[in-house]
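Only one structure is covered here, and it is reproduced in the block below.
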Amino acid sequence: MQWINILVQGSLLGGFYALFAIGLSMSFGIMRLVNIAHGDFIVLSAYVGMIAVDATGLNPFLSLIIVMPAMFLLGYALQRGLLNFTLSGGLLPPLLVTFGISVIIQNGLLQGFGAYDHRLKEGAIETASLHLPGGFDVGVFPLLVFAVAVASIGSLQVLFYWTRLGRAFRAVSDDADTAELMGIDNRKLYAVAFGIAMVFTAIAGILFGIRTIFDPAAGPIRLILAFEAVIIGGLGSLWGTLIGGMVLGIAQEIGAALNPNWQILAGHVAFLALLIMRPSGLFPRTRD
Amino acid sequence: MTVLLKLENVCKFYGALKAVDDINVEVESGEALAVIGPNGAGKTTLFNLISGDVAATKGRIAFEGADVTAKAPHARCRLGIGRSYQIPHPFANMSVFENLLVGAIFGGGVTERESYLRCSDVLKLTGLYDKANVPARTLTLLQRKRLEMARALALRPKLLLLDEIAGGLTEHECAELVRTIKDIHAQGTTIVWIEHIVHALLSVASRLIVMNFGQLLAQGVPREVMANARVREVYMGIPVS
Amino acid sequence: MTLLLRTRDLSAFYGDFQALFAINVDIEEGETVAVIGANGAGKTTFLRTIAGALPTAPQAVLFAGQPIGGKTAHDIVRLGIAMVPEGRRLFPSLTVEENLLLGTHSERKGPWSLKRVYELFPRLRELRHLPAPSLSGGQQQMAAIGRALMSNPRLLLCDELSLGLAPVVIRDIYQCLGAITAEGTTAVLVEQDINRALDASARFYCFQEGRLALTAPTKNFDRAALTAAYFGL
Amino acid sequence: MDAAVESVRVERATKASRVFAVLAALALAALISLPWWGDAGDMRLIAEMAYYVALAQLWNLLAGYAGLVSVGQQAYVGLGGYMLFYLTGVWNMNVYAAALIAGPFAGLVAIPVSFAVFRLRGAYFAIGTWVVSEVFALLASLIAVLGAGSGLSLTVPILQEISTHRDTRDAILYLMTLGASLFVTGIVYLLLRSRHGLALTAIRDSEPASASLGVNTFGTKFIIYIATATCTGLIGALIFLQKLRISPEAGFSINDWTVVVIFMVVIGGIGTIEGPFIGMLIFIFLREWLADYGTYYLILLGLIAIVIMLKAPSGIWGWVIQRYDLQLFPVGRRLVLRPLEKAAKR
């Protein structure tokens, strides 16, 4: 019974990590951009949500009406004005530039809001839980997060496979030069892709802010968790990212069951072990 | 004559694509062998297989009688296989002289001091002596092609693989390069040369092989191979006068 | 007849390597012209430069009188120049039909639609929901041509249509190409298979080492001169 | 034959490098004598500059030459620091011996780590090294004898082992750090000057071409990874000997020990020995200049790094080299040319 509980809790936690990972997976998959600042964008979204809640008195969930477009615009502008120029010169330029953005966001938040913890208050939903037959409890909020993760990936699935824009995303990911010969403006498309990635980052950020306390330095660990989910799942595979997140979540819950302090460590160890066994992830695409 | 290099049933498959498909070739010591074939015939892949840049899917590669199929590129180089790349890969921020030193020291297995004289000689042979101390990034295309060759020569190879070393050069530059390659061959180095400029090839090579779809289409004395009807058809589509 | 494509002293570089030297070419609307030459002669570079994949001087390429040398590839498609790239370059994670639909991103109106492409290549209709890599080489080549047609080009650039295909398949492809050009689409064919290229075109340009070595009509030309131009003998 | 060998001459030093060597020797003499004329604050700042230069040289060797873009070098800084505190505090080892062991220990740990991370390429390698360092940080926070989450402090007896006088102790710690930094920079310089430097520079410029000329690229990268881990561990031990306290967050901080170091290298000029010095000076200058305004200096540093990466990716010194062909640390070799005879020239 305890093991079933671990599997359930771990899977739900995995949904959370998959949600962290969606934006990263998109920019990684479409423009091969290693976005080191991704975790900081999640945290930034939580801060933007906090400002929106404070200013308007909106419920944190509803603050997404403001946070999502704001993050879309930020993403679009950053890709257009900055990140597009890092894509042709190997690994170092995108890595370094996004490290720079990361440091700027972290210290900007630190200067603007101090080092204190913040939290988005949602009320009863944070602690509510469902009693399932068999005697274990499932938190309503983790369930909601998982559902949002599945819905997000589902909507991206629809976007990628049922729309003209999604077709262009896949084409550019396959072969950017040839896509350009078909009349696609890659730079603009990348900007739209990064904007959309940031919309999902905004959702992740708001749910993150409701679930736990956050501070300006909370980004890097979210980035690592997101990376682990993406890489375990296999680069560019959206449902693989969900599975990757779940593998990570379950490994962490197993670790936590053995010793409460081992949770994060168990996730990292599982990640490294999987990476050594399968460097291209569980569900690699046939062509990179 | 002794066999220097021997390829037995060598294949390289990329998924369904048969880049090199069951090739059997012997290269004799002291020989100059020319390789031609249309785009995508597998010529460069053949070089990559010999130099170890790609691993063979099947088959066996022997150098001086020893099996080198599983050896890393640097190990094959130290046995005496030198190569140039079709697109020059100069060490752009090192001087021309230092480019050569890398080959002499690591491929040729001599100490740094011993290698100075050798590199100086190769620089003279390849016409790069005046450029010895300039960064390789400042060289013209011809000089870069010469550097590709000079670097491989610095390791005193028994076998020198030249991959389209004359491509993109003017006629005059090409003639100059051919002279140098003749000198190198005259000094006893075995040469395998891929090129599309047939007249240049034929002025050096004593034997010609033609590749098509990863396979060996024909081999033999150049004039006879070029007169072969299938070669004409595949290579050019029309009869060569 | 109107002049559709004109290049004036067209040069192209890969880094500091000059691949094309002062190429002057004039192509009339409705013509089919072959570009031949040995490997590395600059044929593909020539097409890529016209298509905007390689930069050149704005005035070096005039399309319907308009200088396009400085434009980006995606802008040039929108003006009506479509490319069938060497090696097909279909998008492997897209189905055949999605590959064709990608041609519509140029947003050009004209006679070509999915329906018409399937009429031209009926086999593609049967295969339309398969992923592109599962097609045979010839079918992929048809899809690549169809994808280019979907942008309703005035000028079709075909790079090595015959590469890696069996002779019977090549014949089929060239038959379809004839049907396309018969409707007035101008075409430039880059080929290593000289006979095939000369059969399908009225004129040819022979490149050698990045330079224009010979140009002549495909009927009644000096074979010895072509051999000389081809090999630089 | 001998005469022929004699006739080929190769020069290593340049005029600029000779002038610079004299200036550097003078500057070094001034730095060594600092304890006799500077105060504790000066020594602390210079020591910090010294260890940052060393870290930057090491990361530059790794990423700028061997092409191993690691973002997990903090793993070895932390390991070195923890090893020092553990050996002195738990095993009562002599503090100098502990500092000397800390480096090789980090190098030893790097061997199994390399088996894992060397399976990864590019971005995967970068993230893999980071995760490894997170694992080390988490392990440190779990192990009771390492003080778990709160870390370890150097006890007074250990400090008194160095010297019972505070001023003397400060001077000794300062000189140790300066010496270690000099040692690391010297090793990097000598390595790059040697035949192995030739191989490393070749790998940096083109990996396939180096392999085809006989350079064992994998072996070279492996040795560089282990060697930089060893030196990083040594520097880590000395950093925390100065700081007197270590905790998992401080020891394995990616921002402190890797991100700012990467910024320094990129701003100064990746793939040069001069670059890390320039980058470090800019970092320290910004920090001291903006000391009263919190962490704005880090924002500014990040902005400068972004601009440099996009506009002048070879960094400040890379720009200088391209313009003036200047080499302060002569790692190059110049063949002394002689006029060729007419016949040879053809």
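The values are calculated or read from the model by the stated rules, or taken from the named source; none is laboratory data. Every value quoted in this text rests on a predicted model; they were computed, and no experiment measured them. With ideal geometry, Cβ positions are generated from the backbone for all residues, glycine too; neighbour counts draw on all protein chains shown. Each accessible area value is taken on the protein alone, full model and side chains, heavy atoms only, with ligands, DNA and RNA left out. Shrake-Rupley method; radii C 1.70, N 1.55, O 1.52, S 1.80 Å.
Of B:K124, B:K12, which has the most accessible area and how do the rest follow, probe 1.4 Å? Please list the in-between numbers first.
Details: B:K124 80, B:K12 30 Å².
In descending accessible area the options line up as B:K124, B:K12.
To the nearest 0.05, what FRET efficiency results for C:T227 and D:A30 with a Förster distance of 60 Å applied to their C-beta separation?
Working: r = 76 Å, r/R0 = 1.27.
The calculated FRET efficiency here is 0.20.
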With +1 on each Lys and Arg Cβ and -1 on each Asp and Glu Cβ, and nothing else charged, work out how big the dipole of the protein assembly as shown is about its Cα centre, in Debye to the nearest 20. 1460
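Accessible area per residue for the protein assembly as shown in Å², computed with a 1.4 Å probe and the full protein assembly in place, what is it? Working shown, then result.
On the way: 42930 Å² over 1108 residues.
Heavy-atom SASA per residue in the protein assembly as shown reads 39 Å².
Could you tell me which helices of chain A pass both thresholds, a Cα extent of 18 Å or more along their own axis and a mean Kyte-Doolittle hydropathy of at least 0.0, with helices taken as whole DSSP H runs?
Numbers: long enough: A:2-31 (42 Å, 1.33); A:38-56 (27 Å, 1.14); A:64-81 (25 Å, 1.49); A:92-113 (31 Å, 1.37); A:140-162 (32 Å, 1.97); A:186-211 (37 Å, 1.30); A:219-233 (21 Å, 1.72); A:238-258 (31 Å, 1.41); A:263-277 (21 Å, 2.09).
Result, helices passing both filters: A:2-31, A:38-56, A:64-81, A:92-113, A:140-162, A:186-211, A:219-233, A:238-258, A:263-277.
Output the peptides A:182-191, A:133-142, D:66-75 sorted from most to least packed, where packing is the average of other Cβ atoms within 10 Å over each peptide's residues. Before the final figure, lay out the partial values.
Details: A:182-191: 21.4, A:133-142: 13.6, D:66-75: 24.5.
The most tightly packed comes first, giving D:66-75, A:182-191, A:133-142.
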Highest-fluctuation residue, C:D222, C:D75, C:D26 considered, GNM on chain C with Cα pairs under 10 Å: C:D222
Tilt, helix B:171-186 to longest principal axis of chain B (alpha-carbon atoms), in degrees rounded to tens, equals 90
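Just the number, please: carbon plus sulfur as a percent of the accessible area of the protein assembly as shown, 1.4 Å probe, no ligands or DNA/RNA counted. If you can, show how the numbers build up before the last one.
Values: 25930 of 42930 Å².
Ligands and nucleic acids excluded, carbon and sulfur reach 60 percent.
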Shielding score for B:132-140, defined as the mean number of other chain Cβ atoms within 10 Å: 3
Using the Cβ atoms and a cut-off under 15 Å, what net charge is assigned to the surroundings of D:I46, where Lys and Arg are +1 and Asp and Glu are -1? -3
Output the antiparallel fraction of DSSP beta bridges having both residues in the protein assembly as shown, as a percent to the nearest 5. 60
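Counting Lys and Arg as +1 and Asp and Glu as -1, each charge on the Cβ, what is the dipole of region B:102-235 about the Cα centre in debye, to the nearest 20?
Working: 17 positive and 14 negative charges, 40 e Å.
Its charge dipole is roughly 200 debye.
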If DNA, RNA and ligands are ignored and the probe is 1.4 Å, what is the ranking of C:H105, A:H131 by accessible area, most exposed first? A:H131, C:H105
Compute the distance in nm between two label points, each set 7 Å from the Cα along the Cα-to-Cβ direction, one at D:S194 and one at B:D183. 3.6
So how strong a dipole does chain D carry about its Cα centre when Lys and Arg Cβ are +1 and Asp and Glu Cβ are -1, to the nearest 20 debye? 1300
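Residue by residue through B:18-29, how many Cβ atoms from other chains fall within 10 Å of the Cβ on average?
Values: counts 0, 0, 0, 0, 0, 0, 0, 0, 0, 0, 0, 0.
Averaged over the peptide's residues, the number is 0.
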Calculate the spin-label point distance for A:F136 paired with A:I276, positioning each point 7 Å from the Cα along the beta-carbon direction, and give it in nanometres. 2.9
What whole-number distance in Å separates the alpha-carbon centres of region C:15-80 and region B:51-103? 37
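Using a 10 Å cut-off on Cβ to Cβ distances, tally the other chain neighbours for every residue of B:202-209 and report the average as a whole number. Don't skip to the answer; put the middle values down first.
On the way: counts 1, 0, 0, 0, 0, 0, 0, 0.
Averaged over the peptide's residues, the number is 0.
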D:W91 to D:H165: FRET efficiency via 1/(1 + (r/R0)^6), r the Cβ-Cβ distance, R0 22 Å, to the nearest 0.05? 0.30
Using the alpha-carbon atoms, what tilt in degrees (0 to 90, nearest 10) does helix C:137-149 show relative to the longest principal axis of chain C? 80
Nearest 10 degrees is fine. How inclined is helix C:167-182 to the longest principal axis of chain C, computing both from alpha carbons? 90
Count charges around B:N9 for me, please; just the other residues with Cβ under 9 Å from its Cβ, Lys/Arg as +1, Asp/Glu as -1. 0
With a 1.4 Å probe, what is the total accessible area buried between chains B and C, in Å² rounded to the nearest 100? 1800
Which residues belonging to region D:214-254 lose at least 20 Å² of 1.4 Å-probe accessible area when the assembly is complete, relative to their chain isolated? D:G214, D:V215, D:N216
Cut-off 12 Å between beta-carbons: net charge of the residues surrounding A:T163, Lys and Arg +1, Asp and Glu -1: +2
Highest-fluctuation residue, B:T45, B:T69, B:T111 considered, GNM on chain B with Cα pairs under 10 Å: B:T111
Chain C: most fluctuating residue of C:Q66, C:Q140, C:Q208 per GNM, C-alpha cutoff 10 Å: C:Q66
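If R0 is 45 Å, what FRET efficiency do you get for B:A229 and C:K115 from their C-beta distance, rounded to 0.05?
Values: r = 45 Å, r/R0 = 0.99.
FRET efficiency, B:A229 to C:K115: 0.50.
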Long-range amide H contacts for C:Q208: which residues qualify at under 5 Å (H placed 1.01 Å from N, peptide plane, sequence gap of 5 or more or a different chain)? C:A213
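Among the helices of chain D (complete DSSP H runs), which have Cα atoms covering no less than 20 Å along the helix axis and a Kyte-Doolittle mean of at least 1.0? Can you show the working numbers first?
On the way: long enough: D:15-32 (26 Å, 1.91); D:40-59 (28 Å, 0.70); D:74-89 (22 Å, 0.77); D:95-117 (32 Å, 1.98); D:122-142 (31 Å, 1.55); D:166-193 (40 Å, 0.91); D:217-243 (38 Å, 1.22); D:274-289 (23 Å, 1.04); D:296-311 (22 Å, 2.38).
Qualifying helices, which must be both long enough and hydrophobic enough, are D:15-32, D:95-117, D:122-142, D:217-243, D:274-289, D:296-311.
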Each label sits 7 Å from Cα toward the beta-carbon; between D:L303 and D:R121 the label points are separated, in nm, by 3.8
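A 28 angstrom limit on the alpha carbon distance is what I want to check against. Which of B:K6/B:K182; B:K131/B:K182; A:K188/B:K43 exceed it?
On the way: B:K6/B:K182 23 Å; B:K131/B:K182 22 Å; A:K188/B:K43 40 Å.
Long pairs (Cα-Cα over 28 Å): A:K188/B:K43.
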How big is the D/B interface in buried accessible area, both sides summed, 1.4 Å probe, to the nearest 100 Å²? 3200
So for region B:50-114, using the alpha carbon gyration tensor with a ≥ b ≥ c as root eigenvalues (a/c under 1.5 gives rounded; past that, a/b versus b/c decides prolate or oblate), I'd call it oblate
